[in-house]
Amino acid sequence: MAADAKARSDYQMRGPYDIIARDGQYGKTKGPCENDFLAAYYNALLFVIQGEQAHAAKAMEIIRAYSRKLTRIDGHDAPLCAALQGFILINACELMRHTRGTGWTRDDTERTEGMFRQAFLPVLDEFDRQSPYANGNWGAAVCKMRMAIGVYANDQAQYSRATDYFLQGHDDGALPHYVAESGQCQESGRDQAHVMLGLGQLAEICEVA
């Protein structure tokens, strides 16, 4: 991991962006902002493992930049953007927030929680309002991010919504609909990459819980 360019403490951030997306008008932000989020996460991990202050500084630089600017997630794939890319960033925030020596402040807590509630959570809510309309990996991803926000923000309501969805939701991404009694997955007729994505996300929901 340390050999990855995104794990370097001198990584050059491409953002921050006020609007991010995977497709559409703002689709050009997908690769750059995903790399920024991964850089925050990788540097956070390396700080925890190695204790080198430069890694903490880089993770905090990226987290603070996005928490001050990001306001909206756009595009048809907004639920996937909010869930998949958001999960990377929220885990970086968790590591920095709860590890000594990172320089994390109360203002960082307020800004990051505000960003996740204002930019990410509405996208998850809208997906739930409209679902089921997508293959199971979408719903599992949304549930994973909702669970992560519930834990990060100490929000029992969001945590309970994620738990209820996982156990008895009506969407293809809920456990009862994603895995049939036969053991066949909802995505099995599509390709194995999406099967493993969905199963991995269901496992991550349990891990976060």
Worksheet item: Is there a residue being in contact with a Cys (Cβ under 9 Å, 6 or more places away or on another chain) and under 17 Å from residue 5 (Cα atoms) anywhere in region 43-53?
Response: yes
Item to complete: Test residue 117 against the stated conditions and say whether it is open to solvent by 30 Å² or more (accessible area, probe 1.4 Å), touching a helix residue (DSSP H, G or I) at 6+ places or on another chain (Cβ under 9 Å) and without any contact (Cβ under 8 Å) to a residue 40 or more places away in the chain.
Response: yes
Discussion item. For residue 42, only one of the following conditions fails: (1) assigned to a helix (DSSP H, G or I); (2) of a type in the set (Phe, Trp, Tyr); (3) under 23 Å from residue 127 (Cβ atoms). What is its number?
Written reply: (3)
Worksheet item: Looking at (1) closer than 30 Å to residue 156 by Cβ; (2) in a loop (DSSP other than H, G, I, E, B); (3) open to solvent by less than 50 Å² (accessible area, probe 1.4 Å), which is the one condition that is false for residue 201?
Response: (2)
Practice prompt. Quick one: count up the residues across region 161-192 that are open to solvent by 40 Å² or more (accessible area, probe 1.4 Å), more than 19 Å from the chain's Cα centre (by Cα) and not acidic (Asp, Glu).
Written response: 15
Worksheet item: Which ones in region 24-39 are farther than 17 Å from residue 87 by Cα and surrounded by fewer than 15 Cβ atoms within 10 Å (Cβ to Cβ)?
Response: 24, 25, 28
Response to the item:
Being touching a residue at least 24 places away in the same chain (Cβ under 8 Å), within 27 Å of residue 169 (Cβ to Cβ) and not hydroxyl-bearing (Ser, Thr, Tyr) narrows 63, 73 down to just 73
Practice prompt. Kindly indicate the residue of region 170-192 that is assigned to a helix (DSSP H, G or I) and out of contact with any Asp or Glu (no Cβ under 9 Å at 6 or more places or on another chain) and also nearest to residue 142 (Cα to Cα) among those meeting that condition.
Written response: 175
Discussion item. Going residue by residue through region 76-83, is there one that turns out to be in a loop (DSSP other than H, G, I, E, B) and either over 15 Å from residue 21 (Cα atoms) or out of contact with any His (no Cβ under 9 Å at 6 or more places or on another chain) (or both)?
Written reply: yes
Worksheet entry | residue 148 vs. criteria among the small types (Gly, Ala, Ser), assigned to a helix (DSSP H, G or I) and surrounded by 14 or more Cβ atoms within 10 Å (Cβ to Cβ) | yes
Worksheet item: Can you tell me which residues in region 126-142 are part of a helix (DSSP H, G or I) and either under 20 Å from residue 203 (Cβ atoms) or of a type in the set (Lys, Arg) (or both)?
Response: 129, 136, 137, 138, 139, 140, 141, 142
Worksheet entry | Inter-residue pairs, beta-carbon under 6 Å, first farther than 11 Å from residue 42 by Cα and in region 1-19, second open to solvent by 60 Å² or more (accessible area, probe 1.4 Å), 6+ apart | 16/69; 18/69; 18/71; 19/72
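The values are calculated or read from the model by the stated rules, or taken from the named source; none is laboratory data. Since the structure is predicted, the reported quantities are computational estimates derived from the model, not experimental observations. All Cβ positions, even for glycine, are placed from backbone atoms using ideal geometry, and neighbour counts span all protein chains on display. What goes into the accessible areas is simple: the full protein's heavy atoms, side chains included, and nothing from ligands, DNA or RNA. Shrake-Rupley method; radii C 1.70, N 1.55, O 1.52, S 1.80 Å.
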